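K.L.:
Okay, handing you the structure first.
The values are calculated or read from the model by the stated rules, or taken from the named source; none is laboratory data. All values derive from a computational prediction rather than experimental measurement. When we count neighbours, we look across all protein chains shown, and the Cβ atoms used for this are built from the backbone with ideal geometry, even at glycine. We work out accessible area using only protein heavy atoms, side chains counted, and drop any ligands, DNA or RNA first. Shrake-Rupley method; radii C 1.70, N 1.55, O 1.52, S 1.80 Å.
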Amino acid sequence: MKQELALLIRQAVQSAFEAGTLQREDLPRMDLEIPRIAAHGDFSTNVAMTMAASQKRAPQEIARIIIDHIEDPDHLISKSEVAGPGFINFLIAQDKWHEVLRAVHEEDTAYGTSQVGLGKRIQIEFVSANPTGPLHVGHGRCAVVGDTLAAILKAAGYEVEKEYYVNDSGRQIRTLGESVFVRYQQLLGKTLDLSAEDYQGNYIKDLARILLDQEGERLLDMPEEEAVTLCARFAAMKILAGIREDLVAFGVSFGHWFTEQSLYDSGAVEAVIQDLKSRDIIYEHDGALWFRTKDFGDEKDRVVVRANGLTTYFASDIAYHKDKFERNFDQVIDIWGADHHGYVSRVSASIRAFGYDKDRFQALLVQLVNLLRDGKPVTMSTRAGEFVTLREVIDEVGRDAARFLFLLRHYESPLDFDLELAKKQSNDNPVYYVQYVHARISNILKKAEERGYKDIDWHDDFSGILTLPEEIQLIKLMARYPDVVAMSARLMEPHRIPFYMKELAAAFHAYYHDRNKHKVVSDDAKLSAARLYLVSAVRIIMSNGLALMGVSAPERM
RNA sequence: GCGCCUGUAGCUCAGUGGACAGAGCAACGGACUUCUAAUCCGUAGGUCGCAGGUUCGAACCCUGCCAGGCGUACCA
């Protein structure tokens, strides 16, 4: 509808050029938006104001000329007027709105999807927590943002692949092995302590116990090096399995799991280092190998291989991101915790060093989560191994509430997550508010079916029956849904979906509540059919929007 | 010091360069004979951190400052 109207406006400007009533120029930049204030119409454009300077005429005058040149054979517009400093406000013909209702029903689960992504291939990597401990709430936020963003992009016509990068190599894995080995030996009565760098959490003890049950005491007879390696492999595998389970419980799935170790096994890390060395992008200094990231926009050069011969995390990341581009993605997105932001320019630099356009890589930095209980901070210290895991949060507040609340902030804003609030089944909790709409409508449809109304099809009479302002208002809101999804995809901002859902939910609850005026199922068969058609359209959108967020749409509550 | 993010109603937050800046919670006053009150209606609440600039027009863009968070390793 918006596109149709935009076309009419552009044609009007053209025809004003041809008629000579406006001075010919390039088609101006123009916005066509839904005004905040209903009195300003259904759509509003600023085109006359943007043309004012080059035309050297008053915007109101230009607006008038454009309106006079509008040809509208399908009678889309019922009223157009010049307003304020030079806006053109349009009112859409009421029966055009009812066509939206029909589109919702016909497109059903596809309503809201579009092709604005033009099938471009996007890879989105997220969570990617090291397999050295269970997922915590911060990972949970990244998981939901990534998972939902992927769903939104897919709905907008992109081809999306989700990937989890497993850091199963390097020093933190060795530390993990050492920590488990210490606990293992403690279980066998040896007196030794964890060092400060070791992982302190109780889950390390649990892993040592399982290892002991599985392998017996034989690790004590091995050379220490071998025993630590065995502990590391065992622990990383177990922890990764746990992470996968937690993600499944959270409704987050990945198409690919990519391991860091595979980059070493295949020689990819060594190959990129040699390649960059030969091009003098990597150089030696103080016994270490340095990447000239400064030449590619970073603030200083970065170490790739330390003087002790060990590679840094960055080394494998260079090879990893090169690999991503070699897999022919048009766009590569990394979702990281905001505490990694210092890393962005480094990775970006490495991508540019291989000749890829830096705009094809984007890091989304998700701000941290403050966990609260009844408004008071829950103390967490990862080092001491005291933290609330994602699993504990899901178990306590449920997957739907956790996902919805994680999405209810712009990812760039820090998020306060209150465990008590998330559990409350009341006004305070927007999750139930939105889900309740779906349950209520489901119940209406059930009641209607008992009275013989089933599978209502569009009837031309509907546009003459659904004429209350509240009903038109509901339809107008539904018309916006595809735009919301498309914009959410373009700006990569998942929070727009739950905000829209809250708005549609509020409009429905208000409509529903005045049951004397808007009783859906009544003795009037025609009216009942029309209203059932209306509310079931609302249910379709509720169901589609909740599906994007990975939140369930209950039939009853 | 430098870099990234944030600063909007008492609180938590939306807000696409556009017209009178919005919602939820909290506060106050109302609505259950029901297609589910996990709901609705109403009242009140603002120096959009501060100061400049760009623009016909700025919460939004630019510069400076203030405050908070995070980062600033041959750690991950």
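K.L.:
Among the residues of segment A:528-557, which ones are more than 23 Å from the chain's Cα centre (by Cα), within 11 Å of RNA strand B (Cβ to nearest atom) and open to solvent by 10 Å² or more (accessible area, probe 1.4 Å)?
P.N.:
Once the filter is applied, which keeps residues that are more than 23 Å from the chain's Cα centre (by Cα), within 11 Å of RNA strand B (Cβ to nearest atom) and open to solvent by 10 Å² or more (accessible area, probe 1.4 Å), segment A:528-557 yields A:531, A:555, A:556, A:557.
K.L.:
Within segment A:491-518, can you find the residues that are farther than 14 Å from residue A:477 by Cβ, of a type in the set (A, V, I, L, M) and surrounded by fewer than 14 Cβ atoms within 10 Å (Cβ to Cβ)?
P.N.:
Matches in segment A:491-518: A:491 only.
K.L.:
Limited to segment A:65-91, what total is found for residues that are aliphatic (A, V, I, L, M), in contact with a strand residue (DSSP E or B) (Cβ under 7 Å, 6 or more places away or on another chain), more than 15 Å from RNA strand B (Cβ to nearest atom) and not in a loop (DSSP other than H, G, I, E, B)?
P.N.:
Initially, segment A:65-91 is screened for residues aliphatic (A, V, I, L, M), giving A:65-67, A:70, A:76-77, A:82-83, A:88, A:91.
Narrowing further to those that are in contact with a strand residue (DSSP E or B) (Cβ under 7 Å, 6 or more places away or on another chain): A:66-67, A:70, A:76-77, A:82-83, A:88, A:91.
Now narrow it down to the ones that are more than 15 Å from RNA strand B (Cβ to nearest atom): A:70, A:76.
Of the ones still in play, those that are also not in a loop (DSSP other than H, G, I, E, B) are none.
Total meeting the criteria: 0.
K.L.:
Which residues, counting only those in segment A:433-462, are in contact with a Lys or Arg (Cβ under 6 Å, 6 or more places away or on another chain) and among the aromatic types (Phe, Trp, Tyr)?
P.N.:
A:458
K.L.:
Residue A:107: modelled with pLDDT of 95 or more, of a type outside the set (Lys, Arg) and open to solvent by 80 Å² or more (accessible area, probe 1.4 Å), yes or no? Give the steps one after another, and end with the answer.
P.N.:
On the way: modelled with pLDDT of 95 or more: yes; of a type outside the set (Lys, Arg): yes; open to solvent by 80 Å² or more (accessible area, probe 1.4 Å): yes.
Yes, satisfied.
K.L.:
How do the pairs read when you match residues in segment A:70-89 that are farther than 13 Å from residue A:7 by Cα and without any contact (Cβ under 8 Å) to a residue 40 or more places away in the chain with residues anywhere that are more than 12 Å from RNA strand B (Cβ to nearest atom) and open to solvent by 70 Å² or more (accessible area, probe 1.4 Å), using Cβ under 6 Å and keeping only pairs 6 or more apart or on different chains?
P.N.:
Filtered contacts from segment A:70-89: A:82/A:64.
K.L.:
Here is a further query. Would you be able to say whether some residue in segment A:438-453 is within 9 Å of RNA strand B (Cβ to nearest atom), more than 30 Å from residue A:377 (Cβ to Cβ) and under 23 Å from the mean Cα position of the chain (by Cα)? Spell out the reasoning first.
P.N.:
Of all residues in segment A:438-453, those within 9 Å of RNA strand B (Cβ to nearest atom) come to A:438-448.
Now narrow it down to the ones that are more than 30 Å from residue A:377 (Cβ to Cβ): A:438-448.
Among the residues that remain, those that are also under 23 Å from the mean Cα position of the chain (by Cα) are: A:438.
For segment A:438-453, residues within 9 Å of RNA strand B (Cβ to nearest atom), more than 30 Å from residue A:377 (Cβ to Cβ) and under 23 Å from the mean Cα position of the chain (by Cα): present.
K.L.:
Out of the residues in segment A:373-413 meeting the condition of being modelled with pLDDT of 90 or more, farther than 23 Å from residue A:557 by Cβ and within 11 Å of RNA strand B (Cβ to nearest atom), tell me which one is surrounded by the most Cβ atoms within 10 Å (Cβ to Cβ).
P.N.:
A:411
K.L.:
Let me ask you something else. Identify, from the list A:456, A:472, the residue that is in contact with a Leu (Cβ under 6 Å, 6 or more places away or on another chain), away from RNA strand B (no atom under 12 Å from the Cβ) and of a type in the set (Val, Ile, Thr). Reasoning before the result, please.
P.N.:
Numbers: A:472 fails: in contact with a Leu (Cβ under 6 Å, 6 or more places away or on another chain).
Step by step, each of A:456, A:472 is checked, and only A:456 is in contact with a Leu (Cβ under 6 Å, 6 or more places away or on another chain), away from RNA strand B (no atom under 12 Å from the Cβ) and of a type in the set (Val, Ile, Thr).
K.L.:
Moving to a separate point now. Starting from residues that are touching a strand residue (DSSP E or B) at 6+ places or on another chain (Cβ under 7 Å) and within 26 Å of residue A:120 (Cα to Cα), keep the ones in segment A:351-372 and report whichever is farthest from RNA strand B (Cβ to nearest atom).
P.N.:
A:360
K.L.:
With aromatic (Phe, Trp, Tyr), over 27 Å from the mean Cα position of the chain (by Cα) and under 30 Å from residue A:150 (Cα atoms) as the only criterion, which of A:314, A:296 stands out? It would help to see each step written out before you state the result.
P.N.:
Values: A:314 fails: over 27 Å from the mean Cα position of the chain (by Cα).
Residue meeting the stated conditions: A:296.
K.L.:
Looking at (1) open to solvent by 30 Å² or more (accessible area, probe 1.4 Å); (2) under 30 Å from residue A:542 (Cα atoms), which one does residue A:145 not meet, given that it meets all the others?
P.N.:
(1)
K.L.:
Oh, and also: Would you say residue A:322 is modelled with pLDDT under 90, open to solvent by 40 Å² or more (accessible area, probe 1.4 Å) and charged (D, E, K, R)? Give the steps one after another, and end with the answer.
P.N.:
Numbers: modelled with pLDDT under 90: no; open to solvent by 40 Å² or more (accessible area, probe 1.4 Å): yes; charged (D, E, K, R): yes.
Judged against the criteria, residue A:322 is not a match.
K.L.:
Inside segment A:83-95, can you point out the residues that are of a type outside the set (Gly, Ala, Ser), surrounded by fewer than 20 Cβ atoms within 10 Å (Cβ to Cβ) and over 12 Å from residue A:46 (Cβ atoms)?
P.N.:
A:91, A:94, A:95
Residue-by-condition table, conditions (1) touching a residue at least 24 places away in the same chain (Cβ under 8 Å); (2) within 17 Å of residue A:176 (Cα to Cα):
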| site | (1), (2) |
| --- | --- |
| A:227 | yes, yes |
| A:232 | yes, yes |
| A:238 | yes, yes |
| A:244 | no, no |
| A:250 | yes, no |
| A:255 | yes, no |
| A:260 | yes, yes |
| A:271 | yes, no |
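K.L.:
To continue, here is another question. Which residues, taken from segment A:34-60, are out of contact with any helix residue (DSSP H, G or I) (no Cβ under 8 Å at 6 or more places or on another chain), surrounded by 11 or more Cβ atoms within 10 Å (Cβ to Cβ) and not in a loop (DSSP other than H, G, I, E, B)?
P.N.:
A:38, A:40, A:44, A:50, A:54
K.L.:
Suppose the filter is more than 20 Å from residue A:476 (Cα to Cα), open to solvent by 70 Å² or more (accessible area, probe 1.4 Å), more than 16 Å from RNA strand B (Cβ to nearest atom) and not polar (S, T, N, Q); does residue A:24 pass it? Reasoning before the result, please.
P.N.:
On the way: more than 20 Å from residue A:476 (Cα to Cα): yes; open to solvent by 70 Å² or more (accessible area, probe 1.4 Å): yes; more than 16 Å from RNA strand B (Cβ to nearest atom): yes; not polar (S, T, N, Q): yes.
Here the answer is yes, as residue A:24 does meet what is asked.
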